[in-house]
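Since the structure comes first, as structure tokens, the remarks are kept for the end.
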Amino acid sequence: MVHSAEFKKIKVHYSDTGKGRVIVLLHGFLGSHKIWNEYIKKLSKKFRVIAIDLPGHGETPSIGYYHSMEMLAQSVKAVLDNIGVRRYVIVGHSMGGYTALAFAELYPENISGICLIHSTAYADSEEKKKERERVIKLVKKQHEQFVAEMINSLFSPESFSKIPEEVEKVKRIAASISKQSIISSLEGMKERKSRELILKFAEYPVLFIVGKKDTIIHYETIYPQMGLCKYPSVVMMENYGHMGFYESPKDTIIELELFATRCFRKQFE
Ligand code: MLT
């Protein structure tokens, strides 16, 4: 049951499930709203859950050759305005978290809380930017191989035998993304600015869900970011990396439920 909203001459697709206060789910690079299926099923028993295919992902086409985090945030706003909702908790995995922070900069009055899952407010380091350049060149030559290797590297080794269907599902979602969309996202992530100031001035709670074995977002970089926030909290996933939220959804969903309830009841002041 996927709906769509107009944005810059394309249709941004999303699912809309449940009733009540709104939780917005934003997938990461190479994902789609389907990555959240388990979350949607459980969270929609208590909340209205909007899960969006960001431009260039899932059923939403890409827009040009550069997907800035600001543009992704504007596409999210187009969906939420189309639905007619005004306040929400935004949950973003990795690139979805970068988008959530860009959203918070543009539309702070709409936010009741932000949850960053395996994500960060920091910009890319110079070293990371160089690595992105290298990856962009590789993708131009052989994007299928890049996608397969990237997805394999995200999961913990045990997941390949424990949850093989789930790993395959993520691979299928990633394989459907076009070369142009991959490059546009990499360019956008490379140029994204630091959003530490957004954390510093956030008048709402910020929850960090962190994978101790995450090789993309190192867990130690999260503590100083928590120190910036007025209302921070953290869930440390000891045995997981960048896909921990997907490999171990049960506990993460409970944490999100508690977090959203606290945000909406304003039980953090
Ligand atoms: C993601 O999972 O969204 C990306 O890998 C994040 C990144 O490359 O910075």
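The values are calculated or read from the model by the stated rules, or taken from the named source; none is laboratory data. Please read all numbers here as calculations on a predicted model, not as lab measurements. Neighbour counts are summed over all protein chains in view; Cβ atoms, including those assigned to glycine, are modelled from backbone coordinates with ideal geometry. Heavy atoms of the whole protein, side chains included, go into the accessibility calculation; ligands, DNA and RNA do not. Shrake-Rupley method; radii C 1.70, N 1.55, O 1.52, S 1.80 Å.
Could you please find all residues in the range 251-269 being at pLDDT below 95 and part of a helix (DSSP H, G or I)?
Taking the range 251-269 and keeping what is at pLDDT below 95, we get 251, 265-269.
Selection gives 251, 265.
Across the range 55-74, what is the total count of residues that are within 16 Å of the ligand (Cβ to nearest atom) and either modelled with pLDDT under 95 or open to solvent by less than 10 Å² (accessible area, probe 1.4 Å) (or both)?
Count: 8.
Could you grab the pairs with beta carbons closer than 7 Å, sequence gap of 6+ or different chains, first residue in the range 22-34 and open to solvent by 10 Å² or more (accessible area, probe 1.4 Å), second one assigned to a loop (DSSP other than H, G, I, E, B) and within 12 Å of the ligand (Cβ to nearest atom)?
Short answer, once both residue conditions are applied: 29/94; 33/27.
Specify which of the listed residues (11, 45) is out of contact with any helix residue (DSSP H, G or I) (no Cβ under 7 Å at 6 or more places or on another chain) and in contact (Cβ under 8 Å) with a residue 40 or more places away in the chain. Spell out the reasoning first.
Details: 45 fails: in contact (Cβ under 8 Å) with a residue 40 or more places away in the chain.
Going through 11, 45 in turn, just one is out of contact with any helix residue (DSSP H, G or I) (no Cβ under 7 Å at 6 or more places or on another chain) and in contact (Cβ under 8 Å) with a residue 40 or more places away in the chain: 11.
I'd like to know if the range 186-194 contains one or more residues that are small (Gly, Ala, Ser) and surrounded by 20 or more Cβ atoms within 10 Å (Cβ to Cβ).
Checked against the condition, which is being small (Gly, Ala, Ser) and surrounded by 20 or more Cβ atoms within 10 Å (Cβ to Cβ), the range 186-194 yields at least one hit.
Within the range 104-115, is even one residue among the aromatic types (Phe, Trp, Tyr), more than 17 Å from residue 232 (Cα to Cα) and part of a helix (DSSP H, G or I)?
So far as the range 104-115 goes, no, none of its residues is among the aromatic types (Phe, Trp, Tyr), more than 17 Å from residue 232 (Cα to Cα) and part of a helix (DSSP H, G or I).
Between residues in the range 180-201 that are in a helix (DSSP H, G or I) and residues that are away from the ligand (no atom under 16 Å from the Cβ) and modelled with pLDDT under 95, which pairs lie under 6 Å by C-beta distance while being six or more apart or on different chains?
184/65
Could you say which residue among 129, 77 is in contact with a helix residue (DSSP H, G or I) (Cβ under 6 Å, 6 or more places away or on another chain) and at pLDDT 95 or above?
129
For residue 266, indicate whether it is at positive phi and not small (Gly, Ala, Ser).
Spelling it out, residue 266 is indeed at positive phi and not small (Gly, Ala, Ser).
Hey, among the residues in the range 223-250 that are away from the ligand (no atom under 16 Å from the Cβ) and in a loop (DSSP other than H, G, I, E, B), which one's farthest from the chain's Cα centre (by Cα)?
230
Residues in the range 23-45 that are part of a loop (DSSP other than H, G, I, E, B) and under 27 Å from residue 182 (Cβ atoms): how many?
6
Being surrounded by fewer than 21 Cβ atoms within 10 Å (Cβ to Cβ), modelled with pLDDT of 95 or more and among the polar types (S, T, N, Q) is true for just one of 159, 233, 181. Which residue is that?
Numbers: 159 fails: modelled with pLDDT of 95 or more; 181 fails: surrounded by fewer than 21 Cβ atoms within 10 Å (Cβ to Cβ).
Of the residues listed, the single one that is surrounded by fewer than 21 Cβ atoms within 10 Å (Cβ to Cβ), modelled with pLDDT of 95 or more and among the polar types (S, T, N, Q) is 233.
Can you name the number of the only condition in (1) more than 27 Å from residue 268 (Cα to Cα); (2) outside any helix (DSSP H, G or I); (3) of a type outside the set (Gly, Ala, Ser) that residue 143 fails?
(2)
With the requirement that a residue be among the β-branched types (Val, Ile, Thr) and either in contact with a helix residue (DSSP H, G or I) (Cβ under 6 Å, 6 or more places away or on another chain) or in a helix (DSSP H, G or I) (or both), what does the range 80-103 give you? Show your work before the answer.
Initial filter on the range 80-103 (among the β-branched types (Val, Ile, Thr)): 83, 85, 89-91, 99.
If the condition is that a residue be among the β-branched types (Val, Ile, Thr) and either in contact with a helix residue (DSSP H, G or I) (Cβ under 6 Å, 6 or more places away or on another chain) or in a helix (DSSP H, G or I) (or both), then 83, 89, 90, 99 are the ones that fit.
Scan the range 8-22 and give yes if some residue there is modelled with pLDDT of 95 or more, in a helix (DSSP H, G or I) and in contact with a strand residue (DSSP E or B) (Cβ under 8 Å, 6 or more places away or on another chain), otherwise no. Give the derivation first.
Filtering the range 8-22 down to residues modelled with pLDDT of 95 or more leaves 8, 10-22.
Next, from what is left, pick out any that are in a helix (DSSP H, G or I): none.
Within the range 8-22 (the criterion being modelled with pLDDT of 95 or more, in a helix (DSSP H, G or I) and in contact with a strand residue (DSSP E or B) (Cβ under 8 Å, 6 or more places away or on another chain)), the answer is no, since none of the residues qualifies.
Among 223, 204, 219, which is the only one that is in contact with a Phe, Trp or Tyr (Cβ under 8 Å, 6 or more places away or on another chain) and among the aromatic types (Phe, Trp, Tyr)?
One residue alone meets the criteria, 204.
For the range 102-133, which residues satisfy the criterion of being within 13 Å of the ligand (Cβ to nearest atom), out of contact with any Gly (no Cβ under 8 Å at 6 or more places or on another chain) and open to solvent by less than 20 Å² (accessible area, probe 1.4 Å)?
121, 124
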